[in-house]
Amino acid sequence: MELNLNQPCSVELLFDQPTIGQSQYGEYYLYAVRNGDGQTEYSFFAPTEVHEHLKGLKKGDRAIITKLAEQKGSKIITRFEVTPERQAQQTKPPTVVNGSSTQDNFYEIMLGSCKDAIRIQNELGGMIDGKSLAVTLFIARSRGTGFNGGTP
């Protein structure tokens, strides 16, 4: 299984522990996972950064893995976000609207704003500060000013 850049991928662990081995490149962590649709099984060589988050999970646990890229000077650095799904659900507190419980969409607005800021920054050759642009897009979108994001 390969992760696409800036696209969250939901996986379910099929075993309690990964297969850990040694290769010419160093130690590796091979996980058996099922993708978000629950049908397709994959072998996933987890980078050490991802393994550190997954090693506490057990068979049947699910996690969302996102491969991110950010520019530092002239280099593009890859990093990963790993969120156990039970934790992801807990981090989105329900809000009450007209007496019924719903989930706010600030996470989705911020994620979209960050993705768009990275794309704009790459298109302009790093001329613009991606963090400032992401925050500006988030503020505009979360206030419902008509920019791609609507009202919360």
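A short reminder: the numbers here are calculations on the coordinates, not readings from a lab. Because the structure is predicted, anything quoted here is derived from the model rather than measured.
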Euclidean distance between Cα centres, segment 1-22 to segment 112-131, Å: 27 Å
May I ask you to give the average projected area over all directions of the convex hull of the Cα atoms of segment 9-142, in nm² rounded to one decimal? 11.0 nm²
Overall form of segment 1-76 per C-alpha gyration tensor (a/c, 1.5; a/b vs b/c): oblate
If the limit is 22 Å between Cα atoms, which of K55/K75; K55/K131; K67/K115; K67/K131; K72/K115 go over it? K55/K75; K55/K131
